[in-house]
1. For B:GLY55, only one of the following conditions fails: (1) more than 16 Å from the chain's Cα centre (by Cα); (2) without any contact (Cβ under 8 Å) to a residue 24 or more places away in the chain; (3) on the phi < 0 side of the Ramachandran plot. What is its number?
2. Of all residues in segment B:73-91, count the ones that are surrounded by 19 or more Cβ atoms within 10 Å (Cβ to Cβ), more than 11 Å from chain A (Cβ to nearest Cβ) and in a loop (DSSP other than H, G, I, E, B).
3. Looking at segment A:76-88, which of its residues are under 11 Å from the mean Cα position of the chain (by Cα) and either among the β-branched types (Val, Ile, Thr) or farther than 19 Å from A:SER2 by Cα (or both)?
4. Return the total of residues in segment A:41-72 being within 14 Å of chain B (Cβ to nearest Cβ), on the phi < 0 side of the Ramachandran plot and either charged (D, E, K, R) or over 14 Å from the mean Cα position of the chain (by Cα) (or both).
5. Out of the residues in segment B:49-71 that are among the aliphatic types (A, V, I, L, M) and away from chain A (no Cβ under 14 Å), state the one that is surrounded by the most Cβ atoms within 10 Å (Cβ to Cβ).
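A short reminder: the numbers here are calculations on the coordinates, not readings from a lab. On a predicted model such as this, the values are computed, not experimentally measured, just so you know. We place every Cβ from the backbone using ideal geometry, glycine too, and count neighbours over all the protein chains shown.
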Amino acid sequence: MSCIEQMKYKIHLERTSFKDAREYIEKNSDEVYYVSPGYKIFKDYYIIGVPLIAVGAKNNTLIFTYTKPCYGSFVLSIENEDSIKEINRLRESEKEKVTASLKKDKTPESSKKIAASYQDMWKE
Amino acid sequence: MTNEKVLLMMGCPEVPIQTSIALYLSHKLTNLGFDVTVAGTTAASKLLKVSDSDGYYVKKLVDLDKTIVDIIEKRADFDVCFAFMHNDAGMTYAATMSSISQAGMYSIVFGRNAEALAETIEFDCEKIVAQDVHNPVRLKNKLDKVTEAIIK
C-alpha cells in the first residue's frame, strides 16, 4: 500500500484508461508537467504510467494518475502542505530544464517536456 | 545454462489463463537455465501460491509493486521481462517496466480484447497475442515458439 491510500485525496476519474486519465489532467489543470514512469511523489508513490505522464497543478492542488492492476487508472488530487512542495519541485525542475537548454544555446523546449526523470525515458 | 534473469510480471488475475501460463512459463524457463522471478498482485500471487504450494514451478514469487520500486531505485533489474496483460492497467504497468528497466520486453496479451489492447502498446516489445480467456493452449503454443527463439 502506498502513502496515497492513507492521504486525503479526491477522485476525479475512476476505473478508466491511462490515456483518458492523462487527457483529463491536461484539460483540467492550470499547469501541466510531464514526468517519466517511476517519478516519485509524496513519501513513497512512484507513478505507474505510459510516457508521457501528465501531472497537473491547480492552485495548491496536485493532480495525478494512480493505476491499480485490477481497477484501471484513476485521476486523484491532493491539496495539502506536501502537494505545494510537489508542485514547487515540478516548477523548479522545469526551470532547470529551460536554464540548461539556454546554456547550451538551444531554443527552450515547450512545457510538454519531462519535468524530472528518474532515468532516460526512451530506451535506445 | 544461461543464468539470465527473467521477470514474469502478472497483472490482475481475472482472466483464468494467466495463472496456468505463468506456472508453465516459469517452469519451462527455469528448466532452460533462466533465473526466473514471478511478480504479482496480492490476488495473483495467492492463486499461484495455492496452485504451486511447494514452489515446484515457481521458485521466486514477489510483490509486483515492490519489484517495480526496486527497479526504479536500482536495487534490482532483469534481462528479460514477460508482461501479462488483459486490460489497460496491465499495459500501463508493462509500459512502466519498459521505461524503467533494461530488460528485453515480451508482452503477453490475452483475453477477449487482446487484439485491440495489443494495438495500444507503444513501447518496444515482442507481442504474443491470443484472444483467449479459459483455454491456455494457443497461448502456450505461441510462447513455446518464443522461448525456442530466445534460447537459439
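1. (3)
2. 1
3. The one that is under 11 Å from the mean Cα position of the chain (by Cα) and either among the β-branched types (Val, Ile, Thr) or farther than 19 Å from A:SER2 by Cα (or both): A:ILE87.
4. 6
5. As a first pass, look at segment B:49-71 and keep what is among the aliphatic types (A, V, I, L, M): B:50, B:58, B:61-62, B:64, B:68-69, B:71.
Imposing the further condition that a residue be away from chain A (no Cβ under 14 Å) reduces the set to B:50, B:58, B:61-62.
Details: B:VAL50: 9, B:VAL58: 22, B:LEU61: 20, B:VAL62: 15.
This residue is B:VAL58.
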